[in-house]
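Remarks on the structure that follows.
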Amino acid sequence: MNEFKILVVEDEKNISDLVVQYLLRENYQTFVAYDGEEALEIFNKTTIHLIILDLMLPKLSGEEVCVRIRAKSDVPIIMLTAKAHEYDKIEGLDIGADDYVTKPFSPRELMGRVKALLRRSYRMSDPLAQKLIFQGGDLEVDINKMLVKKKGITVPLTVNEFKVLTSLLANPGQVLSRDQLIQAALGHDYDGYDRTIDTYIKNIRQKIEDNSKEPKYIITVYGAGYKFGGM
Ligand code: CA
């Protein structure tokens, strides 16, 4: 299995089965929703990296699902549309799908679109780009822009929180003591208590971890300090 989780939203079971079968062949983790409400439910409780979204759905239409997801996330979305005129509608509404495929479609072509869109959306860590991506896009850190995104949504970190996070990132897997973190992140002339670091860590965790009580990015090493655990 690779780390990408793909949500297929399609009420016609023969089509969703076919798409899932192709996705599994490419080693993606897959989730299926058979109506619009179920799609939002799954999206809200799972880290989804790409959505294949049918337009004509029970309960909530694909357009409505797209609009609601776009209100809080820029997760890549591929629309499945039955007719060409439906695409005109999507385009007219400008609801924020990244790509579309018209039915009947070739599953191979759809897989090509999925791969291309994932590549475009989650470039793998490239130090020159200074944009670091962890857990398949769950966390993005753009060093130059001082921008952090969690599940595609910009996280407002203070300057000091950003410095603490990037000091840990710069030394992946290595334990930094509170003193070392203060030196690295805040500089020599910082005159706060070393416990101030704990407050920064607590705030950062609340912003970037799924569960700040069970952190996977900023790991406490008891008696020693902290280390970055993201991959
Ligand atoms: Ca349908």
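What to note about this one:
- Computed from the C-beta positions of Ser106 and Met56, the FRET efficiency with R₀ = 22 Å rounds to 0.65.
- Across Gly112, Gly62, Gly96, mean-square fluctuation computed from a Gaussian network of the chain (C-alpha pairs under 10 Å connected) peaks at Gly112.
- Computed over protein heavy atoms with a 1.4 Å probe, the carbon and sulfur contribution to the accessible area of region 130-187 reaches 53%.
- Gain on full stretching of the segment that runs from Ile153 to Asp11 - 0.36 nm per residue minus C-alpha separation: 48.3 nm
- Solvent-accessible area of region 25-87 (1.4 angstrom probe, protein heavy atoms only): carbon and sulfur portion equals 49 percent.
- Unit Cα scatterers, Debye sum, region 131-228: log10 I(q)/I(0) for q = 0.14 Å⁻¹: -0.47
- Build a GNM of the chain with springs between Cα atoms under 10 Å apart, and of Ile77, Ile15, Ile208 the one that fluctuates most is Ile15.
- Relative counts (whole %) of C-alpha pair distances in the chain, using bins that are 10 Å wide: 7, 30, 28, 18, 12, 5, 0
- Among the protein heavy atoms, those of Thr30 account for about 40 Å² of accessible surface (1.4 Å probe, every chain in place).
- When the chain is described by a simple charge dipole with +1 on each Lys and Arg Cβ and -1 on each Asp and Glu Cβ, the residue from Cys66, Ile219, Val141 located farthest towards its positive end is Ile219.
- Probe 1.4 Å, accessible area per residue of the chain, Å²: 53
- Once both labels are positioned 7 Å from their Cα atoms along Cα-to-Cβ, the gap between Gln180 and Val221 label points is 0.6 nm.
The values are calculated or read from the model by the stated rules, or taken from the named source; none is laboratory data. Quantities reported herein were computed from a predicted structural model and do not represent experimental measurements. Neighbour counts are summed over all protein chains in view; Cβ atoms, including those assigned to glycine, are modelled from backbone coordinates with ideal geometry. These area figures cover heavy atoms from the full protein model, side chains too; ligands, DNA and RNA do not enter into them. Shrake-Rupley method; radii C 1.70, N 1.55, O 1.52, S 1.80 Å.
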